[in-house]
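Presented below is the structure to which this report refers.
The values are calculated or read from the model by the stated rules, or taken from the named source; none is laboratory data. No experiment lies behind these values; they were computed from the predicted model shown. Here the Cβ positions follow ideal geometry from the backbone for every residue, glycine too, while neighbour counts run over all protein chains shown. Only protein heavy atoms, including side chains, enter the accessible area calculation; ligands, DNA and RNA are left aside. Shrake-Rupley method; radii C 1.70, N 1.55, O 1.52, S 1.80 Å.
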Amino acid sequence: MRELFLLCVAMLLLGPGHAMAQQGKPSPTLDNIRKHGVIRVGVKTDFRPFNSLNANNEVVGFESDVAAAIAQKLGVTLAKVPITTENRFQKLALDQVDLLIATVGDTAERRKIATAVEPGYNETSVNILFPPGKAVNDWGKIRQATICAVQGSYFNKPMSERYLLSLQTYKTVRDAQMALRDGQCSGFLYATAALENTRQQPQWAGYQMPLPNALTTSMAIFIDKQEQGTEFDITLGNIVADMHRSGWLLETNNKWGISTTGWLTAQKALWSAKDEGGGYRCVRSKSGMWSADCRSAEYVSSTEVTGLQAAGLRLKEMSGIDLNFVYDPYDRTQFLRGILYTMLLIACSMVVSLKLGLWSAVGIENGPPYWQRTVRTLMAYGRLTPPLMMMYLLYFGVGSWTMSEFGIKIPAFLVAVLCSGYNTAGLIMVSLLDAAAHVRTMDPAFKLHVKTVSRVAPYANWPAKQALINMTKQTMIASAIAIPELLSASSLLIAEKGNIFLTMTVLLITFYFMTTLWTWIVNHVETLLLKRVPA
């Protein structure tokens with residue numbers, strides 16, 4: 001009777017719409033929790049403000065509040081079991097805890113050894129804490145640097161591979177912090193929220209964390225691998241979903257002063273959204289899984305979706321070929337946006353190069369000697385200087401000065417267009433001047449003007465066309481100043497998915513077809529213009 005009463009209480013607390021979802025597979029863990037009236041939750045004690053020891057040697061923090069709320073909803077007593085980063089999954093496998101609420105990032109690798117309860121209850125990201133006077137604001141500036149880290153952290157391997165870090169790992173956070181203070185490493189790689197809390201303590205005054213956050217992912221409750229799809233898994237997921245819907249998680253996060261990038265706010269909106277009938281949009285299917293659009297796309301299977309996404313996921317499941325930038329709506333949008341920006345960048349650069357090249361040629365043809373020398377010098381600089389060098393000089397050099405002195409930020413897209421167009425304009429100018437010189441062998445009085453450019457077009461078209469086509473091949477260098485074009489979009493997909501070979505192969509093919517398309521466009525425009533030139 002007691003077990004039946006507790007089940008009814010839990011169903012009432014979870015609210016309407018969850019009764020059907022409670023009917024998961026039998027759960028040995030949940031049966032044991034109900035039998036003894038105690039739920040054993042593995043918690044960390046060195047990750048303030050998520051969990052730490054207070055003056056009374058009690059474990060307190062955001063995750064302790066989550067654990068207490070779950071115990072209350074289940075109608076059982078909470079028993080907190082101290083664990084560490086390196087032994088938490090071992091404790092779970094040995095049945096020394098019933099679940100983990102221990103700042104565990106939800107990753108594909110961890111799902112191979114345990115069950116992640118969906119949805120996640122908070123987010124986590126990675127950053128580096130630097131000693132006074134040694135901070136940098138670009139991940140690329142710390143390559144090969146010796147960085148302190150904690151053993152067992154999920155981000156150690158991807159961060160060391162992505163940014164070529166030389167990690168020096170320690171068993172506990174305290175050990176890593178002591179090594180940082182003793183100068184054993186250049187910085188401390190750890191979860192952003194914990195590092196933010198560390199910086200607020202008086203003994204860490206002057207330590208800085210200016211790098212942008214990396215590897216942002218959700219944190220999930222983990223239970224035993226065999227509990228996937230059981231009543232325990234579904235019950236916990238329902239509880240967390242209601243915590244999002246009520247705003248409890250967001251309020252508790254703010255209570256403990258945990259910085260957030262807006263993930264919890266977005267989750268509250270997602271799980272609170274309702275359909276036209278007044279029911280929640282995020283509901284469980286007959287299989288017990290949440291709606292596909294309410295889950296992380298990374299963990300959705302082909303049976304949960306339809307159309308192009310289902311076909312892409314089925315291909316991935318059968319062959320391992322992951323065309324995420326084709327079937328995943330978000331990644332596809334990023335990739336298509338990259339193509340759009342690339343096409344726009346090329347088009348704008350062509351306009352700048354043609355106009356600047358023509359104006360320069362006309363100026364040299366008709367200007368006084370000092371003007372001719374000035375224009376030739378300026379255009380020779382643009383023609384002979386690599387566009388990438390000009391972009392760095394203008395964007396980082398001049399741009400930094402205008403930002404610090406006047407608060408004016410130079411648009412990166414504008415910089416890329418001007419530098420790319422300037423470089424090609426020199427070649428356009430030379431082709432027009434050479435063509436004008438050739439025309440003068442037949443008409444000594446000829447002078448190049450905007451109105452007479454049609455006479456030189458048949459002789460300048462070939463070198464000018466080649467210059468424009470070559471410019472389309474150089475567009476990738478614009479990513480050096482964070483232009484949101486195709487290469488940047490592909491780099492983002494590689495960084496997030498690790499799909500290096502396939503993404504780069506598709507990128508190569510895409511650029512080939514884009515260059516072919518622009519070659520056709522240039523040839524077509526050339527044909528149309530030459531038809532208008534009088535014989």
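Remarks
- Here the range 122-233 carries DSSP beta bridges of which approximately 55% are antiparallel, counting only pairs with both residues inside.
- Using the Cβ-Cβ distance between Thr527 and Ala311 with R0 set to 45 Å, the FRET efficiency works out to roughly 0.65.
- Equivalent ellipsoid of the range 400-464: semi-axes from √(5λ) of the C-alpha gyration tensor, largest first, are 38, 12, 9 Å.
- Compactness of the range 66-178 was expressed as the Cα radius of gyration divided by 2.2 N^0.38 Å, which yields 1.28.
- Apportionment of accessible area to carbon and sulfur, the range 354-472, percent (1.4 Å): 69
- Segment Ser272..Thr452, full-extension length gain: 58.1 nm, with 0.36 nm per residue of separation and the alpha-carbon distance subtracted.
- Peptide ranges 375-381, 68-74, 43-49, 388-394 listed from the most packed, as the mean C-beta count within 10 angstrom indicates: 43-49, 68-74, 388-394, 375-381
- Three principal axis lengths of the range 341-391 [C-alpha, angstrom, descending]: 41, 21, 10
- Inter-site label distance for Tyr370 and Arg295 at 7 Å from Cα along Cβ, in nm: 7.5
- With Cα atoms as the point set, the radius of gyration and Dmax of the range 333-434 evaluate to 15.7, 53 Å.
- Approximating the spin labels as points 7 Å out from Cα along Cα→Cβ, the Lys409-to-Trp248 distance works out to 3.9 nm.
- FRET efficiency for the Lys141 to Leu388 pair, using the beta carbon distance and R₀ = 30 Å, is estimated at 0.95.
- Calculated P(r) tail over 20 Å for the range 71-135, as whole % of Cα pairs: 44
- In terms of its Cα atoms, the range 162-309 spans 59, 31, 31 Å along the principal axes, sorted from long to short.
- Applying D = kT/(6 pi eta Rh) to the range 140-244, where Rh is the Kirkwood radius over alpha-carbon pairs, T corresponds to 25 °C and eta to 0.890 mPa s, the Stokes-Einstein value obtained is 153 µm²/s.
- Of all accessible heavy-atom area on the range 194-271, the percent that carbon and sulfur account for (1.4 Å): 48
- For Lys157 and Lys286, a Förster radius of 41 Å and the Cβ-Cβ distance give a FRET efficiency of 0.60, rounded to the nearest 0.05.
- Protein accessible area in the range 48-110, 1.4 Å probe - carbon and sulfur %: 48
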